[in-house]
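What follows is a short report on a single structure.
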Amino acid sequence: MAITTITLRDMAERMMRGETFSVLDVRSRNVFQNWMIKGRSLAAIDVPYYDFQADEVNDQLLPTRTCVIFLTLHDATAKKVADRLLEKGYEVTVLLDGYTAWDEFVIESTLLVNAQVKLVQFQRLATGCLSYAFASAHRVTVIDPIRFIEPYLAFAERENSKIEVVLDTHVHTDHISGAKALLEVTRAEYLMVQREVHQTDMRVTRLKRGTLRFGALDARVITLDTEGNAAGHSLVVLDRFGIFTGDALMVGEVGIPDLPGVAQEWAEKTTNTILRELQAYPDEMQIWPGHFADVQEVSKNGMIGTTLGQIRSGARRLGVSNVLSFADHPRDFVSQLHPISDEIMRINTGQIALEAHDAKALEREIRL
C-alpha cells in the first residue's frame, strides 16, 4: 500500500460534504495545543514524531479511521511516521503544503450576482473567519477583512473595480484585521463603529447610525452596545440582500460565542438587543455572519449563512424574551476574553505596528 496525498482544496471540499478525517499531528505537544486543526469533521490526535523515533508509541493512541493526515514541520519526519503506519496496515494520506498553508487557506464563494451587485464570501477555514466583498458600480466594499489581503485585491481586479471602502463591524480581538494593509494599498475609506474610533490613530470615518451609499446600493447601519469580542458593534443591512452581523449573530447560534464562563448570559443579552433592532425586517432576510464553527456549516451551494427567521426561532427555543441592558458590564471584560486580546485590539486600531511574520505568530498564540 502506498502513501497518497491530498490538496488543501480537496480536503476542504470533502469536509464540506461531511467526510470525517483523522488528523495525526506529529509536532511537539505544546505547538499542537496552541495551534491545531479544529472542527467536528476532524479528529485531531497528537503523537510527536520523536515518540515514533523512540519506538514508544502506544497503538491505542493512534487514530482508528482509515484516512490519516499529517501536519508537520518537516516532510522527512512525516515520511518516516507514514512508513511505520503503513507497516501497521493504515491507509495513509499526507496533506500537501502542510499546516502553514492550511492556516492561510481561503475559499471564495459567490453569494449573489445581479445587475446591481456581485457579493462574495471569503471563508478562512482554519480559523472560522468570514469576510465579504461586494462590487457595485465599479466600486468594491470589503467587510471584516482578514490579515492577508490578496483575495480582496484579486476580486476587485476581476470585477474591474476599485476598493473604495473597508469596513470593520467591530474591533476584532480574536484575529488581526486586514484593514490597515488594505488602506495602505488602496487608499480606501475606512469605516469603524463610532464607539471604537477614539482608540485608533488610523485614518477612519466614524460609522454612525443611518444610511450610506455603496456604489449603486443603499445600506442601513445599525450600531449596537454589545459585549464579547468588542464593546461596540455594527450591523450593516445591504438593501434587501442581507445583513452583515460580524460576531453578533452566528450560524446555528445566537449571540457572540467567545465569552468564557458567561456565554449564555451575554448571548441572550446580545440577541435581545439585535432582535429588537431588526424587528421590522422579514424572516427571509439573509444573515451573513463574521464567524462559523465548522466547515460542515457550509451549504451545498458553498455559502455560510442563515436567515433572520432561523435566528428568531433559535431565540424562542432558548427562551430569550426579555430585553436586557449592558449597563453593568465590567470595564475590563474584553481583556478577560484572552490574555492577549487587548494586544490584538491595539494592533487592529493602529496603536501597535507589527511585521507580517510576527502577526502570523501572534494569531497562532491567540487560537487556544
Would you list Lys80, Lys88, Lys118 from the most to the least accessible area, probe 1.4 Å? Lys80, Lys88, Lys118
Convex hull projection area averaged over all views, segment 107-174, Cα basis, nm²: 4.5
Using label points projected 7 Å from each Cα along Cα→Cβ, tell me how many nm separate Asp51 and Glu19, to one decimal. 2.6
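The values are calculated or read from the model by the stated rules, or taken from the named source; none is laboratory data. Everything numeric in this text was worked out from a predicted model, so none of it was measured. Positions of Cβ are backbone-derived with ideal geometry, glycine not excepted, and every protein chain shown enters the neighbour counts. Side chains are part of the model used for accessible areas, which takes the heavy atoms of the whole protein and leaves out ligands, DNA and RNA. Shrake-Rupley method; radii C 1.70, N 1.55, O 1.52, S 1.80 Å.
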